[in-house]
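Working notes, structure below.
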Amino acid sequence: MADIKHGNGDGREWLYDADSLRVHAQSLGLDKLETHDPGLLKSTAMATARYLAILDAHPSHLGEPHLVPQPKDTP
Amino acid sequence: MIDYEALSLAEASERIQRRELCPVTYLDALLDSIGGRNPTVNAFINLTEQDVDHARQSAMRSADALRRGENSGPLHGVPYALKDLIDYQGVPTTGQCMALASNMPRDDAFVVKRLKASGAVFLGKLSTDELACGGQPTDSAWPVPVNPWNADYITGGSSSGSAAAVAAGFIPFVLGTDTGGSIRNPSSRCGLVGMKPTYGRVSRGGVLPLSWSQDHVGPMTRTVLDNALVLQCIAGHDPADPASARMPVDSYTAKLGANLKGLRIGVARHMYMGDLNADPEQIEAIEHAVDVLRDTGASITECRIENLDEINAVARLLLGADGYAVHGQGLREHPELYGRGVRHRLVQGAWLSASDYIQLQQRRAAIVDRIKKAMSGIDALVTASGYDHTPKVGDVAAFAKSYDQQVRMPFNLSGHPALVLPTGVSSRTGLPLSMQIVGRYFGESLMYQIAGAYEANSGWTSRGPG
């Protein structure tokens, strides 16, 4: 496995920028949510960004994709 | 004169089996308690006359069967209730979300089929934080349960009504669900034994999903034995749940009463004195519990699981993404049908890209390996469940602090079984303190042995607010 890490935070600047966030939200069809609950998009984007920032502080080696959760049938 | 509210499942069962207690009499006594105090406690929702008639008929069938000498086992004739996330045919499963207010299940959940076969008597549905998202909702269309130990305090969630019902003595056992601690959190706050079994041990078939890879179903009871009896009934393979394990089901009562000689128990102190800091009363109670386990024969070692903040962040992000996958369309099209807490929790998942999600799962694989490694030299791990004192109803700041202060999510992420049980009562609030026991995969039998040994030797004998 190549020594590639993820968790450097690149490409997430839009989460912090109101205009970029609005454009992204429109593309995701979230307009109604913001109309109904003003400020929801910013607060949820910030919450997601906070959790992602925690991961950025813990750079991680790429592992095998593991899309079936443990433990299934292997104790 | 029997104190029906104080009867454990096992005690009630014994009386029913000996035909000293008629299931109908027992049900009616519990209905009296519910009628008197549920308007304050708010554990049961929509308990209609039809529900009561249905339960009474079921209890009568159980009584008739006993008269004929037919006995389905320890749950025969014993009433139970379900978190309103679990399907019971003919009763709406709303998740206490207006978007699902008229959601009528066409079939029973797998666990309900098991309980029906055991002769248990279904009574009704119990309150939940909306869609099991947690967060102590303030804008719910349904009344929010309060803690039976003191109505000024919250129960914790999301299996809020489930915990309140058992702690209040309304019912001897319930089923809850746990995606990020939703069985263990309210069980801790209400002085109950709450088991989140190994991922795949209990089917989620017929249970409203939140996070496909972190959802669990499990029992909440007042004693360890009761908990083991219920898990024995509901554990097992279900082909309809892709995660359901084919592992044989152990006897969960076989080791109850045995001492702990030869068992190795790791204590993860850094989880409550280091990475996170629990209230001194919680710490003192856990340390006392560790002494009891040592005195009962276990060898105690220190145990560490590194980078808790990373683990919790991965669990929360995955929960948001998985939950948004389930409820995103409804949220986008009809936001007015969802509470503010659900909108806030689940829309967080909308901001994650496909590559974020894949990377989260990759991190998860590494985290699972880390937890397995930490547990490789021990039979079980002991740590905290609750950290702060239970917040008062309406104390938003205390609740927000308490929401992030927990180490329950790591074991939703890894799938390890985790059980909480009471360790005493706070001198400050009079509310229960607790600890968490984490087992190896499919190690529930041994966890009950440890929890049972503690229960028997701790001097902690109270079963409720009394």
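The values are calculated or read from the model by the stated rules, or taken from the named source; none is laboratory data. Source: prediction; values computed, not measured. Counting neighbours? That spans all protein chains shown, and the Cβs are built from the backbone with ideal geometry, glycine included. Surface accessibility is based on the protein's heavy atoms, side chains included, excluding ligands, DNA and RNA. Shrake-Rupley method; radii C 1.70, N 1.55, O 1.52, S 1.80 Å.
Among the residues of region B:291-326, what is the count of those that are among the polar types (S, T, N, Q) and in contact with a strand residue (DSSP E or B) (Cβ under 6 Å, 6 or more places away or on another chain)?
Here is the first cut: in region B:291-326, the residues among the polar types (S, T, N, Q) are B:296, B:299, B:301, B:307, B:312.
Those left that are additionally in contact with a strand residue (DSSP E or B) (Cβ under 6 Å, 6 or more places away or on another chain): B:299, B:301.
Adding up the residues that qualify gives 2.
Is it fair to say B:TYR338 is modelled with pLDDT of 95 or more and either more than 9 Å from chain A (Cβ to nearest Cβ) or in contact with a Leu (Cβ under 8 Å, 6 or more places away or on another chain) (or both)?
The answer is yes for B:TYR338.
Only one of these is buried (at least 24 other Cβ atoms within 10 Å of the Cβ), over 30 Å from B:ARG18 (Cβ atoms) and at pLDDT 95 or above: B:LEU85, B:LEU75. Name it.
B:LEU85
Only one of (1) buried (at least 20 other Cβ atoms within 10 Å of the Cβ); (2) out of contact with any Leu (no Cβ under 9 Å at 6 or more places or on another chain); (3) not β-branched (Val, Ile, Thr) is not met by B:PRO432, so which one is it?
Among (1) buried (at least 20 other Cβ atoms within 10 Å of the Cβ); (2) out of contact with any Leu (no Cβ under 9 Å at 6 or more places or on another chain); (3) not β-branched (Val, Ile, Thr), B:PRO432 violates only (2).
Would you confirm whether or not region B:254-276 contains a residue that is assigned to a loop (DSSP other than H, G, I, E, B), touching a residue at least 60 places away in the same chain (Cβ under 8 Å), surrounded by fewer than 21 Cβ atoms within 10 Å (Cβ to Cβ) and among the acidic types (Asp, Glu)?
no
If I ask for residues that are open to solvent by less than 70 Å² (accessible area, probe 1.4 Å), among the hydroxyl-bearing types (Ser, Thr, Tyr) and under 21 Å from B:HIS334 (Cβ atoms), which ones from region A:21-62 would you list?
Of everything in region A:21-62, those that are open to solvent by less than 70 Å² (accessible area, probe 1.4 Å), among the hydroxyl-bearing types (Ser, Thr, Tyr) and under 21 Å from B:HIS334 (Cβ atoms) turn out to be A:SER43, A:THR44.
Condition check ((1) of a type in the set (Asp, Glu); (2) touching a Pro at 6+ places or on another chain (Cβ under 9 Å); (3) free of Cβ contacts under 8 Å to residues at least 12 places away in the same chain; (4) over 22 Å from B:THR128 (Cβ atoms)) across all residues:
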| position | (1), (2), (3), (4) |
| --- | --- |
| B:TYR199 | no, yes, no, no |
| B:ARG222 | no, yes, no, no |
| B:LEU225 | no, no, no, yes |
| B:GLN232 | no, yes, no, yes |
| B:SER244 | no, no, no, yes |
| B:VAL249 | no, no, no, yes |
| B:TYR252 | no, no, no, yes |
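Take the residues in region B:297-312 that are more than 10 Å from chain A (Cβ to nearest Cβ) and part of a loop (DSSP other than H, G, I, E, B), then tell me which one is most open to solvent (accessible area, probe 1.4 Å).
Only one residue tops the list, namely B:ARG304.
So if I check each of B:ALA289, B:ALA254, B:ALA240, which one is of a type in the set (Gly, Ala, Ser) and either touching an Asp or Glu at 6+ places or on another chain (Cβ under 9 Å) or within 20 Å of B:ARG184 (Cβ to Cβ) (or both)?
The unique qualifying residue is B:ALA289.
Which condition number does B:SER385 fail, the rest of (1) touching a Lys or Arg at 6+ places or on another chain (Cβ under 7 Å); (2) assigned to a helix (DSSP H, G or I) being met?
Only one criterion in (1) touching a Lys or Arg at 6+ places or on another chain (Cβ under 7 Å); (2) assigned to a helix (DSSP H, G or I) is unmet by B:SER385, namely (2).
Residue-by-condition table, conditions (1) within 17 Å of B:PHE411 (Cβ to Cβ); (2) without any contact (Cβ under 8 Å) to a residue 40 or more places away in the chain:
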{"site": "B:HIS327", "(1), (2)": "no, no"}
{"site": "B:LEU346", "(1), (2)": "no, no"}
{"site": "B:ARG363", "(1), (2)": "yes, no"}
{"site": "B:ALA400", "(1), (2)": "no, yes"}
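Which one is farthest from B:HIS270 (Cα to Cα), of the residues in region B:363-382 that are within 7 Å of another protein chain (Cβ to nearest Cβ) and among the small types (Gly, Ala, Ser)?
The initial filter retains those residues of region B:363-382 that are within 7 Å of another protein chain (Cβ to nearest Cβ), namely B:363-366, B:368.
So of that shortlist, the ones also among the small types (Gly, Ala, Ser) come out as B:365-366.
Numbers: B:ALA365: 22, B:ALA366: 20 Å.
Step by step, filter region B:363-382, then rank; the result is B:ALA365.
Identify, by number, the condition in (1) farther than 15 Å from B:VAL207 by Cα; (2) of a type outside the set (Gly, Ala, Ser); (3) in contact with a Phe, Trp or Tyr (Cβ under 9 Å, 6 or more places away or on another chain) that B:LEU115 doesn't meet.
(1)
Could you tell me which of the residues B:GLY191, B:GLY200, B:GLY181, B:GLY156 is touching a Gly at 6+ places or on another chain (Cβ under 9 Å) and at pLDDT below 95?
From the options B:GLY191, B:GLY200, B:GLY181, B:GLY156, the qualifying one is B:GLY156.
Condition first: modelled with pLDDT under 95, among the hydrophobic types (A, V, I, L, M, F, W, C) and farther than 17 Å from B:TYR153 by Cβ. Can you find one or more residues in region B:420-441 that meet it?
no
Just a yes or no: is a residue in region A:39-50 more than 7 Å from chain B (Cβ to nearest Cβ) and either assigned to a loop (DSSP other than H, G, I, E, B) or modelled with pLDDT under 90 (or both)?
Yes; the residues of region A:39-50 include at least one that is more than 7 Å from chain B (Cβ to nearest Cβ) and either assigned to a loop (DSSP other than H, G, I, E, B) or modelled with pLDDT under 90 (or both).
Here's the yes/no breakdown for (1) under 20 Å from B:PRO148 (Cβ atoms); (2) assigned to a loop (DSSP other than H, G, I, E, B); (3) within 14 Å of another protein chain (Cβ to nearest Cβ); (4) open to solvent by 10 Å² or more (accessible area, probe 1.4 Å):
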residue: B:GLY180; (1), (2), (3), (4): no, yes, yes, yes
residue: B:SER187; (1), (2), (3), (4): yes, no, no, no
residue: B:GLY194; (1), (2), (3), (4): yes, no, no, no
residue: B:THR198; (1), (2), (3), (4): no, yes, yes, no
residue: B:ASP215; (1), (2), (3), (4): no, yes, yes, yes
residue: B:ASP226; (1), (2), (3), (4): yes, no, no, no
residue: B:LEU229; (1), (2), (3), (4): no, no, no, yes
residue: B:CYS233; (1), (2), (3), (4): no, no, no, yes
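Determine which member of the set B:LEU360, B:LEU446, B:LEU346 is part of a helix (DSSP H, G or I), in contact with a Phe, Trp or Tyr (Cβ under 6 Å, 6 or more places away or on another chain) and either within 13 Å of chain A (Cβ to nearest Cβ) or within 19 Å of B:ASP309 (Cβ to Cβ) (or both).
None of the others qualify; the one that does is B:LEU346.
Have a look at B:ALA321, B:ALA380, B:ALA315, B:ALA325 and point out the one that is buried (at least 21 other Cβ atoms within 10 Å of the Cβ) and in contact with a Phe, Trp or Tyr (Cβ under 9 Å, 6 or more places away or on another chain). Show your work before the answer.
Values: B:ALA380 fails: in contact with a Phe, Trp or Tyr (Cβ under 9 Å, 6 or more places away or on another chain); B:ALA315 fails: in contact with a Phe, Trp or Tyr (Cβ under 9 Å, 6 or more places away or on another chain); B:ALA325 fails: buried (at least 21 other Cβ atoms within 10 Å of the Cβ).
After ruling out the rest, the residue left standing is B:ALA321.
Just to be sure, is B:VAL326 touching a Pro at 6+ places or on another chain (Cβ under 8 Å) and more than 8 Å from every other protein chain (Cβ to nearest Cβ)?
In short, yes.
Go through region B:329-343 and give me each residue that's open to solvent by less than 30 Å² (accessible area, probe 1.4 Å) and either without any contact (Cβ under 8 Å) to a residue 60 or more places away in the chain or outside any helix (DSSP H, G or I) (or both).
Correct list: B:LEU331, B:PRO335, B:TYR338, B:GLY339, B:ARG343.
Keeping to region B:157-189, report how many residues are within 11 Å of the chain's Cα centre (by Cα) and on the phi > 0 side of the Ramachandran plot.
Qualifying residue count for the region: 1.
Among the residues of region B:90-127, how many are out of contact with any helix residue (DSSP H, G or I) (no Cβ under 6 Å at 6 or more places or on another chain), among the hydroxyl-bearing types (Ser, Thr, Tyr) and open to solvent by less than 50 Å² (accessible area, probe 1.4 Å)?
Final tally of qualifying residues: 1.
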